[in-house]
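These notes concern the structure reproduced below.
Bear in mind these aren't lab numbers, they're just calculated from the coordinates by the rules spelled out. Note that the structure is predicted; figures quoted are calculated from it, not measured. With ideal geometry, Cβ positions are generated from the backbone for all residues, glycine too; neighbour counts draw on all protein chains shown.
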Amino acid sequence: MKVTEVMTEIGGVAIASGGTAMNDDAILVTEDVRKIYRSGADSIVALEGLDLVVPQGQFVAVMGPSGSGKTTLLNCLSGLDEIDAGRVLVDGLSIHELSDKERTKHRARDMGFIFQAFNLIPVFTATENVELPLLLAGVRVTDARLRARETLERVGLGHRLDRRPMELSGGEQQRVAVARALAGKPRIVWADEPTGNLDSEMAVSVIDLLGELHDEGLTIILVTHDPAVAAHADRLITVRDGRLVEDKLLAGPDAREVREEVTVA
Ligand SMILES: Nc1ncnc2c1ncn2[C@@H]1O[C@H](COP(=O)(O)OP(=O)(O)OP(=O)(O)O)[C@@H](O)[C@H]1O
Ligand SMILES: [Mg+2]
C-alpha cells in the first residue's frame, strides 16, 4: 500500500482542493484559515489557505523555516489567537465563533500547552505551577493539589514537588511544564519547540514522555526544528511562507522509508 493510501485510510490527509475530508474521527479540522498581522501600514500574511484534518490521537510534527508561520499556526489553531478568515473546528466546535469566555473554558478543559520558554512562575513550587491552571479552570483546591502531585509523579518529578523552578534543571523545568499541560487531562497538547532549550539527553526524555502519552491516545501537535524529534511523530507537515507545502505520514510500515529520510535529513 502506498503512503498516500494509508493516509487516506486513516483520514490523516490534508484536504487542500475541496475534496471531502473523512472527518468522523477528526479532533481538529481547519478550513481555509488565514491570518494577517497588521502593524501600521505593514501587513504580513502569516497563514494562507490552511486546510488540515487531524484525526483523534494523531501525533503531528510541524516543521518549516524560521518565520514560516509555525507558532502562528499553533496559536491560531488552538484559539489562543484570532484568525482573519476560515474556520477551525475542534471536536466539531468552531472555536473562533465562541465568546472569549467560552473559548477560554474550552481551552482550559480540553487543551494543554508546552512552550519553548517553560513559562513557569518563579516564586511558585513545581506543585503550585502545575496546580494553577487547574484552579483557574475551577477545579477544587484539594483535587487540584492531588492531581498536580500525581501528574508530577507521572513525569518523574515525585521527588521535586516543592522545588521552585530555579532549583530545578532545564529538563526538570520542562517536565514541570509538561505536567502543567497534562494535569487538566487535555485531549490535545500543543507544543512549540518544547525541546529547544534542552540538551539532547533531556530532549529525549521529554520526547519519550510525549510518546508515552501519545500511546495512551493523546493528540499532539508539536512544532520543532529538529528532524530527530519530528521522526517520533505519526505525521510531518511542513509550512513555508504561511502555507502547508508538504504532508507526510511517518507511522506504519509503509512509512518507514519516509521516516528514515526525515531522520537522516
Ligand atoms: N505579533 C506579530 N506581529 C506582526 N508580525 C508577526 C507577529 N508574530 C509573528 N509575525 C510574523 O509572522 C510570520 C510568522 O511568524 P511565526 O512566529 O509564526 O514564525 P515561526 O515559523 O514560528 O518562526 P520561528 O521558527 O522563528 O519560531 C513572520 O514573518 C513573523 O515576523
Ligand atoms: Mg515560532
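Phi angles of the range 134-151 translate, via the Karplus equation with coefficients 6.51, -1.76, 1.60 and θ = phi - 60°, into HN-Hα couplings of 5, 5, 5, 7, x, 6, 5, 3, 5, 5, 4, 4, 4, 5, 4, 5, 4, 5 Hz per residue; Gly and Pro are given as x. Computed from point charges on the beta carbon alone (+1 for Lys and Arg, -1 for Asp and Glu), the dipole magnitude for the chain about its Cα centre is near 820 Debye. Rounded to the nearest 10 degrees, the inclination of helix 200-215 to the longest alpha-carbon principal axis of the chain is 70 degrees.
Relative to the Cα centre, the charge distribution of the range 74-202, modelled as +1 at Lys and Arg Cβ and -1 at Asp and Glu Cβ, gives a dipole magnitude of about 540 debye. GNM remark for the chain: springs join alpha carbons under 10 Å apart, and the peak mean-square fluctuation among Met63, Met111, Met166 falls on Met166. Got a sec? How would His159, His96 order by Cβ neighbour count within 10 Å, fewest to most? By the 10 Å Cβ count, ascending, the order reads His159, His96. Looking at Leu93, Val176, Ala41, which one has the Cα that reaches farthest to the positive end of the dipole of the chain (charges on Cβ: Lys, Arg +1; Asp, Glu -1)? Final value for the positive-end residue is Val176. When peptides 42-48, 139-145, 150-156 are ranked by their average number of other Cβ atoms within 10 Å per residue, the highest-first order is 150-156, 42-48, 139-145. In units of the compact-protein estimate 2.2 N^0.38 Å, the chain shows a Cα radius of gyration of 1.00. Between Gly211, Val62, Thr151, whose Cα lies farthest towards the positive end of the dipole of the chain when Lys and Arg beta carbons carry +1 and Asp and Glu beta carbons carry -1, centred on the Cα centre? Looking along the dipole axis, the top candidate is Thr151.
If R0 equals 25 Å, the separation of the Cβ atoms of Ser66 and Ile121 corresponds to a calculated FRET efficiency of about 0.35.
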